[in-house]
Every structure is written in C-alpha cells, then in structure tokens.
Amino acid sequence: MARSLAGFLALFPFVLICGAASLFQPISDSHRSAALELFTPTHGSFKSLEETYEALRTFEVLGIEKKPDVTATACRSISETLGSLTSTPKDLFYALKANSIVKCKINEKTSEGIFTRLNAAVNGASSLLDFYYSIGGLVLIKGQTSKADVYLTDAEGVFRSVKAFSQSDGRWRYSSNNPESSAFAAGIALETLAGIVSLASSEMDQSLIITLKNDVSKLFDSIEKYDVGALYFDDKLVDGREHQGPLSTTSSVVRGLTALAAVTAGSVNLPGDKILGLAKFFLGIGVPGDAEDFFNQIDSLACLESNRVSIPLILSLPSTELSLTKKDSLKVRVNTVLGSNAPPLTVKLVGAFSSGSKDASLVESQELKFDAETGVHILSNLPKSIDVGSYTFVFEIVLHESEHVKVYVTGSQTKVPIFVTGLIKIESAEITVLDGDLGSIETQKKLDLAGHNAVSLSANHLQKLRISFQLTTPRGRAFRPHQALLKLRHESKIEHIFLVGNSGKQFEIVLNFLGLVEKFFYLSGRYDIELTVGDAVMENSLLRAIGHIELDLPEPPEKAPRPPPQPVDPYSRYGPKAEITHIFRAPEKHPPKELSLAFLGLTILPLLGFLVGLLRLGVNLKNFPSKAIPATFAILFHVGIGAVLLLYVLFWLKLDLFQTLKLLGFLGVFLVLVGHRILSHLAATSAKVKSA
C-alpha cells in the first residue's frame with residue numbers, strides 16, 4: 001500500500017501539469033540541483049549498494065561533475081559483497097551495477113567465483129526475479145572481466161523458462177504460483193530475456209525473438225494515455241506488496257524495451273508516437289521529490305535518449321508569454337529529452353487559434369529562423385492577426401535528412417498554449433450624474449483612469465450615476481477584460497458591487513438610485529467609488545479609487561430591510577488593548593530630614609555599645625588557633641559573620657526580603673559547617689588542657 005501511495009504522489013504533479021498545458025521541457029539545471037539534494041551520502045557513503053548505484057547512475061546521466069566522492073567507500077563495499085559467500089544474487093547484481101560506474105578492480109579469482117555462483121543461481125531459479133538478478137549479474141560480470149567464455153550453455157532453455165511466465169496480453173507473472181500479471185514484471189522479463197540473448201553462445205532461434213516482439217506489441221496495446229499525448233503503464237492494485245506506481249512501472253517497461261532493442265536484429269514494431277508519448281510522461285512529472293522516483297525518471301530518459309527504436313525530440317519554449325508592448329519574439333527550442341542538440345531541422349508555425357474557438361487558423365504556415373549560436377528557432381514579429389489574448393499555437397518539426405527520419409521521432413504536430421499581453425488603451429472615461437426624469441446631465445467630470453482621481457459628487461434618490469470608458473488593444477481592436485466591476489462602499493463599510501457592461505469598445509454602467517434604495521438599505525451618506533478592470537493579458541490592469549458621492553436617500557419605511565451586521569475581524573482580538581490607568585493612594589507626608597537623621601544615629605548606638613562592651617571585657621586573640629586547618633576554619637567563621645552583617649546593611653539599602661532570606665540561607669549553612677569545626681577544635685583543646 002505504501003508503494004501505491006508513493007506512486008500516486010509521484011504521478012500527482014504530472015496530473016496537474018497535464019490539466020494545464022501540453023508543453024514539456026527537457027532535463028534542465030533544476031534536475032541537477034535536485035539530484036545533489038536527493039542523493040546525499042551519510043558519513044561518506046550511501047545506505048546500500050542499490051542506492052549507491054542509483055545515485056552514481058543519476059550523476060553520470062546528468063553530467064554532474066561536482067558530486068560527492070564515494071568511490072573509496074563504494075569500492076570497499078563492492079569488494080566485501082563480491083567476496084562474501086553469503087551474498088545473494090540480488091546483492092551481487094547491485095554490487096556489479098555500482099561497479100560498472102566506479103570501475104573498481106575485480107581479480108580473476110573473484111570473477112570466476114561470481115560467474116560460478118550466478119550460473120548455479122540461473123539453474124536453480126524458480127521465479128522471474130531469480131532469473132532477473134542472476135542473468136543481470138552475468139551480463140554485468142561479462143562487461144567487467146577479460147574472460148571471454150561468459151555465456152549460458154543452454155540459453156534457449158533458459159529463455160523458454162522465463163517465457164513461461166508470460167501472459168497473452170503481454171504482461172508477465174512473477175512466478176508460476178502467482179496467477180496475477182503486471183506490466184512492471186513485463187519490463188523485468190524483457191530486460192532478463194535481452195540479457196539471455198546477449199549471453200547466448202550461438203544465435204537464438206528467431207521464432208522466439210519474433211514471438212517476444214509480438215508480446216511487446218500486445219503490451220503496448222494496453223498502454224494508457226493522457227489528453228496531452230503522454231503515455232504510461234499502470235498496474236491494477238491486486239497485491240499491495242507487489243504493486244508499483246505508474247512511474248516505476250513505465251520505467252521498468254522502458255528499460256526492458258530498450259535493452260531488447262539493443263541485442264536483437266531488426267527493429268521492434270512500435271509507432272514512434274508511442275515512444276514520444278513515453279518521453280512526455282517522464283518529462284511531464286517535472287522534478288520528483290523522491291530519490292527512487294528521480295532515478296527512475298532520469299534512467300528511463302537516458303534509455304530513450306540512446307535507444308534503437310526511436311529517439312524522441314522535444315519542442316519547448318523558453319517563455320509562453322509574449323508582450324506586444326515589448327515586441328517579444330517567439331522562440332522555440334528542439335532538443336532530445338536530456339537537453340542535447342537536435343539534428344538539422346526546421347520548425348514551422350502551422351496554425352494559431354484563439355483559446356476555446358473552433359474558427360480557422362489566424363496565421364498562415366511560416367518557418368521560424370534558426371539561430372545557430374543560441375540553438376533557438378525565432379519568429380521575430382508576431383503576425384498582425386495576433387492580438388492580446390490566449391492562443392494555441394501549432395508547431396511542426398521537419399527533419400532535413402531522410403536518414404534522421406528513421407532515427408528520431410518528432411510527432412505530427414505540437415500544440416502549445418501562448419499568452420499574448422499588452423498595454424490596453426483606456427480612453428473617454430467620464431463620470432456623470434443624470435437627472436432621473438429627463439436624463440439631462442446634472443454633473444459631468446472627466447476621469448484619468450491611468451492616474452489619480454478625487455471626484456466629489458452628490459445625488460439624491462431621483463437621480464442616476466453613469467460611468468463610461470473605452471478599452472482598445474494595441475492592434476486597435478475592442479478589448480473585453482475578464483473583470484470590469486464598479487464598487488460603492490458606504491461609510492458604514494457596507495459594499496455594493498456592480499458589473500460594468502460593454503458594447504464593442506464602449507463600457508458603460510448606469511445606476512438608477514430610485515431602484516436601488518432597498519439594495520442600499522436606505523443608507524444616506526458618503527459612498528466611496530472604486531473601479532476594477534483586470535485581465536491576465538492586460539499589462540495595465542487597474543483597481544482605482546475614483547472619488548466619492550454623497551447620496552441623499554429617503555427615510556426607510558417600517559418593514560424596510562435592515563443592513564446586515566458587518567463581519568468582525570477575527571484578528572481584532574489580538575490587537576492592542578486600551579491602556580489601563582492605575583490610581584494609587586497619595587503617599588503619606590514624610591518627617592523632616594533632621595528627625596530622620598536623629599533616629600538613624602539612635603540605631604547606630606547599640607553597635608557602639610557592643611564595641612565598647614568588647615573592650616571592657618578584654619577581648620583578645622590569645623585562643624585563636626595556631627594550626628593551619630583550625631585557623632582556616634576560624635577565619636572563615638569570622639568572615640561568615642561579617643558577611644551576615646554586610647547582608648543586613650544591603651537589606652537596609654537595596655535588597656528586598658526574599659533576596660535577603662535566600663542569601664541568608666546559604667550563609668547560615670556555611671556558618672553552621674565552619675562554626676561546628678572550629679568549636680569542636682576549641683572544645684578538644686580545652687579538654688586536653690584540663691586533663692593535663
């Protein structure tokens with residue numbers, strides 16, 4: 001089920017693209033940047049040799065030079081895997097796949113051991129995947145060793161064993177015990193059979209090859225198609241453990257098809273449009289966000305780039321938006337799927353149609369000029385029949401050499417959506433207040449819709465408001481925008497929106513206030529006037545405040561509709577609150593400064609009495625310990641007492657009660673510890689003196 005979901009997510013961006021346009025772009029630098037992000041080694045290596053191969057293969061196809069250097073760790077892992085007797089054919093297969101890129105040296109003894117083990121695996125294979133990994137491993141070891149006798153002794157027998165898994169519709173089973181077939185398995189089978197043909201010691205029975213090619217044709221009869229010409233394979237979800245998404249399934253078929261075409265004589269009988277449709281599928285996905293999907297896309301496009309069936313050429317445009325104001329040229333590129341240069345060819349513009357119109361083409365067939373320096377086909381000036389709007393341009397590619405017609409496929413015609421933009425002329429704009437009965441002009445003012453307006457008008461319910469203007473395209477034709485709206489906003493924030501109608505170039509709206517009094521909820525007062533004219537192809541779309549009008553409407557009757565309550569901004573609750581002003585009690589009157597100082601002196605008198613008392617008692621330091629450790633504790637004890645006295649002073653000057661108690665707690669614990677030690681020493685000394 002996870003693979004099914006992953007396949008859907010991989011296809012989802014493509015579905016969006018198909019719904020929007022039929023323009024496909026070859027591989028670009030965005031893919032190269034994405035490759036470096038998706039394939040990032042951890043501590044100098046990838047998690048597995050399969051992931052290592054996918055990363056290295058992707059870097060190789062995209063021609064990325066500044067890539068992570070994993071050669072040393074890859075060679076170490078490859079050597080361990082190839083030298084291990086417990087490695088499965090799948091392990092050997094991906095080790096040899098990775099080695100086909102990093103080119104690590106394999107000694108002859110190891111090669112012979114691998115060949116023997118894979119040959120034994122072929123003889124004991126019972127499923128399609130068993131054949132796939134063992135045959136694929138033999139094909140790879142053949143290309144990486146100098147040994148000339150790497151072949152299958154009974155190639156036709158192995159071929160028939162694999163062919164036994166095929167079905168009448170061109171799909172294949174994974175094993176004889178599994179009745180369900182799939183296109184993904186068909187791709188694996190084709191790649192496996194191509195390997196068997198390349199390992200055969202003699203020419204294969206051609207009837208087997210012909211039958212296999214017929215199976216390919218049947219398989220392509222079940223291919224699915226999008227409206228834009230993209231073709232893909234998909235399997236019905238039968239068993240979630242074996243189901244693959246459209247991207248991996250189509251990729252499997254492409255690998256198998258190109259591998260088979262590379263080893264068999266003659267060509268596979270497939271229309272070139274189907275190969276082009278497969279290329280459009282892979283390119284239409286864009287840049288996948290999953291590493292495995294990204295590898296499948298790039299590897300499949302590399303197979304299509306160099307296949308022997310047909311090499312697809314992709315027509316693309318650097319920009320599908322052209323400006324008549326800037327006199328943009330129509331530019332077209334034709335490349336292979338990986339962005340390589342195309343052979344000599346001509347690009348023709350054979351038709352141009354307004355979007356949604358079935359009328360005849362607006363242009364005659366004409367060739368685009370080729371710029372050899374940039375590799376771009378250019379039409380410098382758009383035909384006069386092309387004005388602002390959305391169009392579908394139809395292009396045709398004509399190859400110069402007849403030999404290239406057999407090698408490359410271009411498709412019959414390519415349709416591309418084009419948007420032509422320009423500055424729209426806004427003329428004869430005016431706003432008028434009309435008399436309701438006679439239709440005579442009460443007030444009329446010109447408007448500059450390209451600049452600033454501050455019109456001030458007044459009217460009553462018996463009058464009308466008219467706004468009119470003209471829109472003209474750069475070619476002088478009438479222009480009808482997607483939006484032409486007039487908005488009136490009352491000072492109570494109630495808004496009314498009206499659609500501005502047109503007749504040719506002339507746009508006009510007349511508001512009869514007598515018929516709108518109920519719509520306006522009988523609200524008199526100031527109404528701000530705002531005009532909106534906009535279109536995707538209009539380079540000077542506008543949303544312009546024109547001014548305001550003071551409306552004098554009659555008093556509402558009893559059953560008149562009430563204006564709706566205005567929505568409350570949900571974010572207003574998070575706005576600034578009203579400032580709270582606290583009122584404190586006025587402070588008591590302080591005593592005179594002299595009186596305060598007198599009381600301060602009185603508080604100091606006990607301290608002086610304490611000092612005098614010490615002198616009268618004859619305090620001395622005769623009993624101060626002389627030994628180092630007791631003396632240290634005695635000093636610390638007196639320092640602690642001094643610290644407590646200092647803390648009292650700080651409490652009086654700056655500290656609050658909580659700060660003082662916290663510090664006093666620490667000092668109290670300290671005094672208890674050092675005081676206990678020094679008092680214990682004094683007691684012991686006194687006891688020794690008495691006993692003596």
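Figures for the structure shown
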| read-out | value |
| --- | --- |
| One residue from Val398, Val394 being in the same structural domain as Asp359 (by the TED database), within 37 Å of the chain's Cα centre (by Cα), part of a strand (DSSP E or B) and more than 15 Å from Leu317 (Cα to Cα) | Val398 |
| Subset of region 40-60 [in contact with a helix residue (DSSP H, G or I) (Cβ under 7 Å, 6 or more places away or on another chain) and part of a helix (DSSP H, G or I)] | Leu49, Glu50, Thr52, Tyr53, Glu54, Leu56, Arg57, Thr58, Phe59, Glu60 |
| Test: residue in region 164-178 that is in the same structural domain as Asn214 (by the TED database), over 43 Å from the mean Cα position of the chain (by Cα), surrounded by fewer than 19 Cβ atoms within 10 Å (Cβ to Cβ) and modelled with pLDDT of 90 or more | yes |
| Checklist (1) open to solvent by 10 Å² or more (accessible area, probe 1.4 Å); (2) assigned by the TED database to the domain that holds Ser217 applied to Ala261, failing item | (1) |
| One residue from Ser300, Ser316, Ser252 being closer than 30 Å to Pro474 by Cβ and in contact (Cβ under 8 Å) with a residue 12 or more places away in the chain | Ser316 |
| Strands (runs of 3 or more DSSP E) contained in region 289-382 and holding at least 3 residues touching a strand residue (DSSP E or B) at 6+ places or on another chain (Cβ under 7 Å) and not β-branched (Val, Ile, Thr) | 311-316, 321-323, 330-336, 345-354, 369-371 |
| Qualifying residues in region 481-504 (those that are charged (D, E, K, R) and not in a strand (DSSP E or B)) - the one least open to solvent (accessible area, probe 1.4 Å) | Glu491 |
| Pairs with Cβ under 9 Å, 6+ apart, first in region 373-391 and basic (Lys, Arg), second open to solvent by 20 Å² or more (accessible area, probe 1.4 Å) | Lys384/Arg475 |
| Selection count where residues are part of a loop (DSSP other than H, G, I, E, B), of a type in the set (Lys, Arg) and at pLDDT 95 or above, scope region 522-580 | 0 |
| Contacts under 6 angstrom Cβ, first residue in region 178-203 being more than 13 Å from Phe159 (Cα to Cα) and among the aromatic types (Phe, Trp, Tyr), partner in a helix (DSSP H, G or I) and open to solvent by less than 40 Å² (accessible area, probe 1.4 Å), 6 or more apart | Phe184/Thr249; Phe184/Ser252 |
| Residue in region 608-645 that is nearest to Ser686 (Cα to Cα), counting only those that are open to solvent by 100 Å² or more (accessible area, probe 1.4 Å) and part of a helix (DSSP H, G or I) | Ile629 |
| Leading residue by the ranking (modelled with the lowest pLDDT) among those in region 415-435 that are closer than 18 Å to Lys464 by Cβ and surrounded by fewer than 16 Cβ atoms within 10 Å (Cβ to Cβ) | Asp435 |
| Qualifying residue in region 379-397 (condition: modelled with pLDDT of 95 or more, open to solvent by 40 Å² or more (accessible area, probe 1.4 Å), over 30 Å from Asn540 (Cα atoms) and not aromatic (Phe, Trp, Tyr)) | yes |
| Ala459 vs. criteria among the hydrophobic types (A, V, I, L, M, F, W, C) and in contact with a Gly (Cβ under 7 Å, 6 or more places away or on another chain) | no |
| Of residues in region 37-69 being free of Cβ contacts under 8 Å to residues at least 60 places away in the same chain and among the hydroxyl-bearing types (Ser, Thr, Tyr), the one surrounded by the most Cβ atoms within 10 Å (Cβ to Cβ) | Thr52 |
| Gly136 part of a helix (DSSP H, G or I), open to solvent by less than 30 Å² (accessible area, probe 1.4 Å) and out of contact with any helix residue (DSSP H, G or I) (no Cβ under 8 Å at 6 or more places or on another chain) | no |
| Test set (1) open to solvent by less than 20 Å² (accessible area, probe 1.4 Å); (2) at pLDDT below 95; (3) under 23 Å from the mean Cα position of the chain (by Cα) - Ser310 fails condition number | (3) |
| Unique residue being surrounded by 15 or more Cβ atoms within 10 Å (Cβ to Cβ), within 22 Å of Lys225 (Cα to Cα) and not assigned by the TED database to the domain that holds Ser33 when the list is Thr346, Thr336 | Thr336 |
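The values are calculated or read from the model by the stated rules, or taken from the named source; none is laboratory data. Every value quoted in this text rests on a predicted model; they were computed, and no experiment measured them. Virtual Cβ from ideal backbone geometry, glycine too; neighbours counted across all protein chains shown. Areas reflect the complete protein model, heavy atoms only, side chains present, ligands, DNA and RNA absent. Shrake-Rupley method; radii C 1.70, N 1.55, O 1.52, S 1.80 Å.
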